Structure formats: C-alpha cells, structure tokens
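Below is one structure, written out as structure tokens; the observations come after it.
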There are 2 protein chains.
Amino acid sequence: MARQPTVSDVALAAGVSRQTVSNVLNAPDIVRTATRERVERAISDLGYRPHASARRLRTRRSSTIGIRLYPFAGGISGAVLDRYVHALTENAAERGMRILLYTARTPDEEIEQFRRLTDGADVDAFVLTSTFHGDARTGWLLEHDVPFATFGRPWGDDDLGDPQHLWVDVDGAAGTAAATKHAIAAGRRAIGFLGWPSPSGTGDDRARGWARALRSHGRSPDGLRWAVEDDLTAARAAMAGVLTGGGPGPVPDAVVCASDSLAVGAHLAAMDAGVHDLLVIGFDNTPVSEALGLSSVEQRPEDVAVGTLDLLMGAHGTAVDPSVPRTGTGHVLVEPRLIVRE
Amino acid sequence: MARQPTVSDVALAAGVSRQTVSNVLNAPDIVRTATRERVERAISDLGYRPHASARRLRTRRSSTIGIRLYPFAGGISGAVLDRYVHALTENAAERGMRILLYTARTPDEEIEQFRRLTDGADVDAFVLTSTFHGDARTGWLLEHDVPFATFGRPWGDDDLGDPQHLWVDVDGAAGTAAATKHAIAAGRRAIGFLGWPSPSGTGDDRARGWARALRSHGRSPDGLRWAVEDDLTAARAAMAGVLTGGGPGPVPDAVVCASDSLAVGAHLAAMDAGVHDLLVIGFDNTPVSEALGLSSVEQRPEDVAVGTLDLLMGAHGTAVDPSVPRTGTGHVLVEPRLIVRE
DNA sequence: TTGTAAGCGTTATCAA
DNA sequence: TTGATAACGCTTACAA
C-alpha cells in the first residue's frame, strides 16, 4: 500500500491551494469551471481519494450506520432480514454511507454497544430491526439524541405517531388480507389462519388482516385460528391434528400463515395426512416456499431499506443530520405483495 | 449527543499531560502505577472514550475489517455464511475490531470496492467468503499489499501452500467421510452421493470424502453418484428417478449430500415415492435439516471465524499488522462434525 | 473566486 | 517516567 496522495499533492499538481481542492470536492459550484477542471484532472491523474477518517474527524460525522446482526435465528425467515441488510448496504453506499455491524445478546448489551459506538463517533445513526413492547433501547437513543430508525413499528406505549421515532414497516394485515382474498377467489370455503400466540404485535396484525378479509366477505373467522411458536415442527404437529379432523373446529381447505416456517409445516402436515388440495399461503417469500411451490407474501425488504434511509437522511439527503427538521410523518408503511404460485 | 470528553479533558482532570493519558491507554506498562490509577479514575469519572476517527487518522489504522455481503443466495445454505459473519463480528469486537459491509455484483465491482475502502483508509483487511478458479480479487489484494484472508481455500493456480494467501476452510472430505461411515455403521448397503456438477472445488472435495470412505471399507462408489445444481427442486426431481429404479444404477438406501438443499430435495423425493427408510445426510446443518430430523454435517462457522481472525491478527493479536512476520502455515482447516439425528 | 490560518482528537518523537 | 511539540488529512472560518 503505497502512500496515498493528499489534498496538498493535488493542490500542488493543479497549481491551486488546498482549500480550492476541498471546494471542488464539497462545493463544486463556487469554483470557476476552468479551475475545477484542472483540479479534477489532477485528482484523476494522481488517483486521489479523500481520507475517510480525516474527513470524519473534521466534520464530526462518521457517515456510518450501525446495525445489529442477530445470531442466526434458527428460522427460515432470516432470509428477510438478510435481504434487508443487503439492500441497506447497497443503497447506503449509493448515498455515501456505510454499514457497520455489531452484535449483542441482550437489550442491555445492545445499549452498551450504542454507547461504545456513539462515544467513539463510529456511527451517525442506528437501525433497529425489531422492536417490542416496552423496548428500553429506543428510550436510550431518544434520550441521548442519537438518530435511529426501526424496521418494525413501535408496539405498545410508544406513540405510533411520535415524529421522533422514525419507523418503517410492512403492512402485514394488508398482506394476509390479500392472501385471504386470493383463497376466496380460488373458491376455498374454510380458510384458516396459522399464526403465533398473542400478544405479538406483528403476529396479531397479520391475523387481523385475515379476519378482516373474511368478514368483509360475510364469513366468520371463528374456530379457524391456530397459534404455535414460529417453528416448522410445531406447525406440522398442530396442523396434523387439525387436518385429520381431530380438533373441535371445521377442517380447513386453505391456510393463511404468519410465516413461511409455519407454511412449510402446514404443507408437510398435509402431505403426511395425504391431503393434496390444501391451499397453503406463506409469509416472507423465502426460497423454501418458492422451492415447494407455495404462494407467499413478499415483504419487499428492498423497499423497506430505501424507506429507512429516506427517513434517516431525507429523501435525497446525503448525510444523517439531526439538525435538519424532519418533513413528513416520520414513518413509511410498505405494501407487501402476494406471490402466487399455484 | 453532548460533547464527548477528550484526552485533554482527562489530562486536566487527572493533572497530567495529554500524552500520559494516551500512554495509559496504549502502553500502560510505562506509566507509574499511582499515575495510571489517577488517570483511570478520571477516565471513568468523565466517561471518556477515545474518538475512533481521530485515532485512525493518527495511527493510519482503521481497526476495521471489510466483508462482502452477498445478495441473498436463494439457497438454504445462506445460514452458514450468516453464522460466520455473526461470529466474525462478535469475535472481532472482542479484539477491538469492527466489521464493515460492502456489496458488489461482480468481481470487478468488488475490486472497485477494495480500492475505495483501502484508499479511504476505511479498512485494514478484507475477508473473502468464496474464491474460485482464477480469482482476480486475490491477485489485486496481493499486488496492493492489502491484508486479507479467505473462507475457502484457493482452488486452482494459486499455491495452496502460499504463505501470502491466508485461508481458512472446512475439511469437506472429512465431513462426507464421517457421514458415509455413519451410514455404513447403520448397516446401509448402497450409499450414494448427491452432489454438484464438476468441476467444483468444494463439491469435488466433498465427493472425494464419500468415495474414500466407501473404498476404505472395500466398497465401490461406481454408479452411486449423482450431480445437480444446488437446488431443492432439481434434487427432488433427480432423486425421484433414482429411487423408483428408473436409472441405470442400483437403488440407494442412503444418500450423502453436498448440501442441505440437496438433502431436503432427496428427503422429499423419498416421501413422494413412498420410501420411508432412505437415510439422507445433509451438509451445513441448517434449521431446515434440523426441522426435518435429517442428520447433517455441521461446518462450525464459529470456529472458522476464530481461525480467520487468528490468521489476520495473530493468535492473540489485537490489530492487523502486515509488518509482523507470520507464524505458522498461513491456513486453518476446520474439522466438521456430523450431527446425528436419526 | 481563491488563499491563509486554525483546529478536529489522537499518538510518535524526543527532550526533560 | 512524564511532558512539549508536531504531525495525521481534512474542512470551516475568514481574509485577500
């Protein structure tokens, strides 16, 4: 790694002052065209690149966003978060920002990471990829004036409309409603919902969309809702009982699921039971549902990523600047899309 | 975010010079105990933390490792890379390093990222998570004296023993050999291998382990090897033919697979065909194989991550320092572990 | 429009 | 063992 050229080298080569070089880089408008072109040629001749750390020291900005990497969840659904982080990294780079990872085992550990990364001026903002009822992390960030946005709306005491809390989320109810309508259109009579135990912000939201769609078609959701942890095996076992008619309720001919893990479990249970015409619709559109040919609700994590950056940096902003007054509502709700496969 | 205290603040509070504070942080041995304790108290009283960018500017070291995030592969096996990145982040933090993400669509784009990140002194080293025959990226990094390590040994013209090219890999052959021996011990007679088309460094290695284990037990692998792309559906289709005896070879009673995607495909094919005693062994130990109760070879990505950092930073090193002469062979081969589930 | 001077917070060098 | 001084490369005043 040979020594990199600096602004001084460029200035020398272009016959201007260091400051002019800096202006060409940061405020091209205020420098005369001829001068600018000379400087630009010198820059490309020398292969000059600004030294990121020096710039950060001076501007007191890191141009970096921190995001927590979760230990591999053990679910199929990790794929959504993967795609989100990837899209975030890609779009952030286009806006001159970078993504720094950190890990934590508990919320307290995560707050310690907040402290470490903000005190060291390592990051300008954080992105949290899940929030829960009574989350201490958002409180800490608000209290310390650290910019952040969450993928996932604040459930619980936080005010959904609080303009301080920026959030992006997927309209889960709209997704399950679309899935349910698809099943209705396909002529299904008993459309169930396989979800997670309440209370679960995300899970209850998805159940709501299913129930609403049924009611709006004059049907009752009663007796058609089952809940298990987000686990293929648990779903398979639960649906085994339901499909063989062992349960109290009706036997479904379609099941809208809160996740692909559950959907795959339901699909396998149907195979186990020799039921071949059960319509199973998943959520997350993971490779597994694709491989099995199951329809699934696509979360569009790429759109969520763009929305996150729009909130943090402004629609066309190129830096996280808390002093710029926020426009808009402070949140983005992404409409999911049903991927139909059968 | 209130203004952070600086070394000067600490120095003032402790009644020493700035430099002494710096010494307490970076060379505690050379400062008298009494002084050191005074400074340390001041540090914790003020809640001082070094400013990362300033330190980086001065030391010309970023304490950061760059890693490419792949677009979600579409395979089940992404889980291994996920766990690896997570473990890398966690272990790097313990050694005072950070992990920065970048994306690229092509090798050329990735080289452009190398350039961008090294010129800006954003990273000290890179970790590449896959290498292929004739990889231009390692050449660029070597040429520009940028430290790097790869997860995956260099296949092809690179010298495996080149001490310049640090690599960590999983002994795939050992993994499939263990799987094969397990099948033999379980009394299976016709143990097949479902892998990927040649040439594939990783895939051929895994096939080798299976064939070797068979031969060492006096059996022949002939006619029991099938190859498809790493795709559940393709595997399912291929095995459907094999299991119904439609192929030329013998019908297997066990299948060692090059990945969990293939294993799940084989498992589903067996279910489709009504074959319930096919022993399927996967590779990668993903949640799906766990959920389906399939045995699988565990890659131990956490150990790979530790090995990567050991190579880059030395066994107990706390920084990437290319000037420190390397000890050891310059590579680590991790022994995988068979997780038995049936 | 361009140049000069100062300083961001840290550590390396060297003298005390 | 400690302290003064001088960078590291950049940008933000402000002056020319």
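How far apart, in nanometres, would the label points at B:S198 and A:S17 be if each is projected 7 angstrom from Cα along the Cα-to-Cβ direction?
Once both label points are built, they end up 7.0 nm from each other.
Which whole-number value in Å³ per residue fits the convex hull of the alpha carbons of the stretch A:288-342?
Convex hull volume per residue, Cα atoms: 87 Å³.
Can you grab the distance from the C-alpha centre of the stretch B:246-264 to the C-alpha centre of the stretch B:4-33, Å, no decimals?
With the stretch B:246-264 and the stretch B:4-33 each reduced to a Cα centre, they are spaced 65 Å.
Calculate the spin-label point distance for A:N26 paired with A:S220, positioning each point 7 Å from the Cα along the beta-carbon direction, and give it in nanometres.
Calculated label separation equals 6.9 nm.
For chain A, what does the relative contact order come out to in percent, with C-alpha contacts under 8 Å and a separation of six or more?
Taking the mean separation of contacting Cα pairs over the length of chain A, I get 17 percent.
A:S8 to A:L333: extension gain in nm, 0.36 nm per residue of separation minus the Cα-Cα distance?
Contour length minus Cα-Cα distance gives 112.3 nm.
Which of rounded, prolate or oblate describes the stretch A:58-130 when judged by the alpha-carbon gyration tensor and an a/c cut-off of 1.5?
In terms of gyration-tensor shape, oblate.
How much mean residue ellipticity at 222 nm does the protein assembly as shown get from its helices, if each DSSP H run of length 4 or more adds -39500 (n - 2.57) and you divide by all residues, to the nearest 500 deg cm²/dmol?
Computed mean residue ellipticity for the protein assembly as shown: -13500 deg cm²/dmol.
With just the Cα atoms of the stretch A:6-148, tell me how far they stretch along each of the three principal axes, in Å, largest first.
Its Cα atoms span 59, 33, 22 Å along the three principal axes.
Using the Cα centre as the reference, give the magnitude of the dipole from point charges on the C-beta atoms of the protein assembly as shown (Lys, Arg: +1; Asp, Glu: -1; all else neutral), rounded to the nearest 20 debye.
Values: 70 positive and 86 negative charges, 260 e Å.
In debye, rounded to 20, the protein assembly as shown gives about 1260.
For B:A273 and B:E109, what is the calculated FRET efficiency with R₀ set at 30 Å and r taken between the beta-carbons, to the nearest 0.05? Could you put the intermediate results ahead of the total?
Numbers: r = 44 Å, r/R0 = 1.48.
That gives a FRET efficiency of 0.10.
Report, in debye and to the nearest 20, how large the dipole of the stretch B:2-128 comes out about its Cα centre when Lys and Arg carry +1 and Asp and Glu carry -1 on their Cβ.
So the magnitude is around 480 debye.
Using a/c under 1.5 as the rounded threshold, could you call the stretch B:118-243 rounded, prolate or oblate? The axes a ≥ b ≥ c are square roots of the C-alpha gyration tensor eigenvalues, and prolate needs a/b larger than b/c, oblate otherwise. The partial results should precede the final answer.
Working: a/c = 3.11, a/b = 2.22, b/c = 1.40.
It comes out prolate by the Cα gyration axes.
Radius of gyration and Dmax for the stretch B:172-298's Cα atoms, expressed in Å?
12.7, 34
Any idea what % of Cα-Cα pairs in chain A are farther than 27 Å?
55
With unit charges on the beta carbons (Lys and Arg positive, Asp and Glu negative) and the dipole taken about the Cα centre of chain B, which residue among B:V334, B:W167, B:S63 sits farthest to the positive side?
Checking the options against the dipole of chain B, the answer is B:S63.
Let me know the charge dipole size of chain B about its Cα centre in debye, to the nearest 20, where only the beta-carbon of Lys, Arg (+1) and Asp, Glu (-1) is charged.
940
Using a Förster radius of 60 Å, what is the FRET efficiency between A:A237 and A:A34 based on their Cβ-Cβ separation? Nearest 0.05, please.
Step by step, r from the Cβ atoms, then E = 0.20.
Can you grab the distance from the C-alpha centre of the stretch A:94-127 to the C-alpha centre of the stretch A:168-193, Å, no decimals?
37
Give the dimensionless ratio obtained when the Cα radius of gyration of the stretch B:161-200 is divided by 2.2 N^0.38 Å.
Relative to the rule-of-thumb radius for its length, the stretch B:161-200 sits at 1.66.
Kindly point out which whole DSSP H helices in chain B project their C-alpha atoms 15 angstrom or further along the helix axis while averaging a Kyte-Doolittle hydropathy of -1.0 or above.
Passing helices, by number: B:33-46, B:78-94, B:172-185, B:232-243, B:260-272, B:301-313.
Efficiency by 1/(1 + (r/R0)^6): what FRET value for A:V324 and B:A190, r their Cβ-Cβ distance, R0 = 51 Å, to the nearest 0.05?
0.15
Pull out a ≥ b ≥ c, the square roots of the eigenvalues of the alpha-carbon gyration tensor of the protein assembly as shown, then state rounded if a/c is under 1.5, prolate if not and a/b is larger than b/c, and oblate in the remaining case.
Oblate.
Values quoted throughout were computed directly from the atomic coordinates according to the rules given, and no laboratory measurement underlies them. In this text the structure is predicted, and so the values were computed from the model without any measurement. All Cβ positions, even for glycine, are placed from backbone atoms using ideal geometry, and neighbour counts span all protein chains on display.
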